[in-house]
Amino acid sequence: IVGFAGLLPTIHAIESKKDIALANKETLVVAGHIITKLVKEHGVKLLPVDSEHSAIFQSLQGNEMNKIKRILLTASGGSFRDKTREELVGVSVKEALNHPNWSMGAKITIDSATLFNKGLEVMEAKWLFDVDYNQIEVLIHPESILHSAVEFEDTSVIGQMGTPDMRLAIQYALTYPQRKKLVNGKSLDLTQLGSLTFKKPNFNRFHALSLAYRAGKTGGSLPCVLNGANEMANLLFREGKIEFLQIEELVEKAMNAHELIEDPTIDQLLDIDQWARDFVLKEINETCRRL
């Protein structure tokens with residue numbers, strides 16, 4: 001289930017005492033303060049399916065959670081990782097959907113191009129691993145071989161590497177704590193790669209990432225606004241109704257217009273999500289009328 005729509009089914013599954021293999025990051029983004037309490041209350045496991053969070057989870061096995069110094073959350077950079085902001089003007093939906101490394105659904109592929117997906121993953125990591133935002137560092141890693149890593153207090157860095165294949169993360173969540181043979185899995189040959197590259201993201205270039213950190217650090221209802229506005233703007237771009245750079249512009253406008261609720265309930269989150277979507281549509285309609 002893609003997006004905010006995964007929230008209520010996840011809650012019902014937890015209340016039914018089902019362990020959760022979580023592929024729906026938006027559930028934790030908008031309601032991490034609720035989901036984490038429910039997981040503890042009902043004594044269920046919350047196992048990550050996102051490749052990055054699976055890598056972090058695997059890196060933590062046998063290590064103490066309270067010894068984490070920082071999480072190194074890797075990002076491919078998406079379809080436009082080598083383009084400047086000026087070069088993003090007028091890019092097409094087809095170009096945005098042409099991800100260099102991963103085969104994913106349309107919504108998440110566009111989110112990868114804007115880096116909103118990585119911003120959502122930052123918020124997901126905060127709740128999954130109980131860390132502060134200043135402990136989560138995003139690294140652009142074009143090869144998508146190191147899926148993420150953890151640095152511990154003794155400066156040791158432990159990460160999980162492998163070829164870009166979502167089946168591995170999915171299978172590990174389903175078979176944990178055991179490892180099974182991955183059918184038709186491709187072994188990693190480091191000699192063929194030659195080198196791995198990493199660089200810090202430019203927050204001016206990837207403005208969506210700065211918006212996500214802002215929403216996460218502010219907390220309360222703001223992550224829900226960011227997510228709802230992004231889901232609507234992402235859809236409008238895929239439908240050819242707005243430009244690529246308008247996605248983050250519309251999300252920021254919604255965040256600025258929102259009146260923060262410190263500890264939103266599920267019912268309030270449902271209303272806020274709808275408000276954010278309606279806000280984006282209203283902005284687009286008003287822009288069209290002015291033109």
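From Val44, Val39, Val29, which residue is under 30 Å from Asp263 (Cβ atoms) and assigned to a loop (DSSP other than H, G, I, E, B)?
Result: Val44 is the single residue among Val44, Val39, Val29 that is under 30 Å from Asp263 (Cβ atoms) and assigned to a loop (DSSP other than H, G, I, E, B).
Quick one: would you say Thr265 is surrounded by fewer than 14 Cβ atoms within 10 Å (Cβ to Cβ) and of a type in the set (Ser, Thr, Tyr)?
yes
Could you run through the range 89-127 and say how many residues are within 23 Å of Ser59 (Cβ to Cβ), in a helix (DSSP H, G or I) and touching an Asp or Glu at 6+ places or on another chain (Cβ under 9 Å)?
Matching residues across the range 89-127 total 8.
Evaluate the range 248-255: report whether one residue or more is in contact with a Cys (Cβ under 9 Å, 6 or more places away or on another chain) and modelled with pLDDT of 95 or more.
no
Within the range 226-262, can you find the residues that are farther than 25 Å from Val89 by Cα and surrounded by 17 or more Cβ atoms within 10 Å (Cβ to Cβ)?
Correct list: His258 only.
Going through the range 151-195 one residue at a time, which ones are touching a helix residue (DSSP H, G or I) at 6+ places or on another chain (Cβ under 7 Å), among the hydroxyl-bearing types (Ser, Thr, Tyr) and in a loop (DSSP other than H, G, I, E, B)?
none
Quick one: count up the residues across the range 13-26 that are in a helix (DSSP H, G or I) and either farther than 25 Å from Asn230 by Cα or in the same structural domain as Val157 (by TED's automatic domain parsing) (or both).
So the answer is 3.
With the checklist (1) surrounded by fewer than 18 Cβ atoms within 10 Å (Cβ to Cβ); (2) hydrophobic (A, V, I, L, M, F, W, C); (3) under 20 Å from Val122 (Cα atoms) in hand, flag the one item Val30 doesn't pass.
Result: Val30 fails condition (1) only.
Enumerate the pairs (first residue in the range 134-151 and in the same structural domain as Leu73 (by TED's automatic domain parsing) and at pLDDT 95 or above; second residue anywhere and acidic (Asp, Glu) and outside any strand (DSSP E or B)) with beta-carbon separation below 6 Å, excluding pairs fewer than 6 apart on the same chain, so at least 6 apart or on different chains.
These pairs meet every condition: His147/Glu52; Ser148/Glu52.
Of the residues Glu252, Glu231, which is within 27 Å of Glu87 (Cβ to Cβ), touching a Gly at 6+ places or on another chain (Cβ under 8 Å), part of a helix (DSSP H, G or I) and not assigned by TED's automatic domain parsing to the domain that holds Arg85?
Every option except Glu231 fails the conditions.
So is Asp50 out of contact with any Gly (no Cβ under 9 Å at 6 or more places or on another chain), among the acidic types (Asp, Glu) and buried (at least 17 other Cβ atoms within 10 Å of the Cβ) or not?
Yes; evaluated as a whole, the condition is true for this residue.
Could you tell me which numbered condition Ala21 fails, if it satisfies all but one of (1) touching a Leu at 6+ places or on another chain (Cβ under 7 Å); (2) surrounded by 22 or more Cβ atoms within 10 Å (Cβ to Cβ)?
Here Ala21 meets the rest and fails (2).
Any idea which of (1) in a helix (DSSP H, G or I); (2) out of contact with any strand residue (DSSP E or B) (no Cβ under 8 Å at 6 or more places or on another chain); (3) closer than 22 Å to Leu120 by Cβ is the one Asn204 doesn't satisfy?
Single failed check for Asn204: (1).
If Arg70 meets every condition in (1) modelled with pLDDT of 95 or more; (2) touching a Pro at 6+ places or on another chain (Cβ under 7 Å) apart from one, which number is that one?
(2)
Which of the residues spanning the range 158-212 are closer than 23 Å to Leu72 by Cβ, β-branched (Val, Ile, Thr) and surrounded by fewer than 13 Cβ atoms within 10 Å (Cβ to Cβ)?
Within the range 158-212, just Thr197 meets the criteria.
Starting from the range 40-68, take each residue that is under 14 Å from Thr155 (Cα atoms) and free of Cβ contacts under 8 Å to residues at least 12 places away in the same chain and list its partners that are of a type in the set (Asp, Glu) and surrounded by 10 or more Cβ atoms within 10 Å (Cβ to Cβ), counting only C-beta distances under 8 angstrom and pairs at least six apart or across chains.
Cβ pairs passing all conditions: none.
Applying the selection to the range 47-68, what residues are outside any strand (DSSP E or B) and in contact with a Ser or Thr (Cβ under 6 Å, 6 or more places away or on another chain)?
If the condition is that a residue be outside any strand (DSSP E or B) and in contact with a Ser or Thr (Cβ under 6 Å, 6 or more places away or on another chain), then Glu52, Ala55, Ile56 are the ones that fit.
The values are calculated or read from the model by the stated rules, or taken from the named source; none is laboratory data. What you see is a predicted model, and the numbers here were worked out from it, not measured in a lab. No Cβ is skipped: glycine too gets one built from the backbone with ideal geometry, and neighbour counts run over all protein chains shown.
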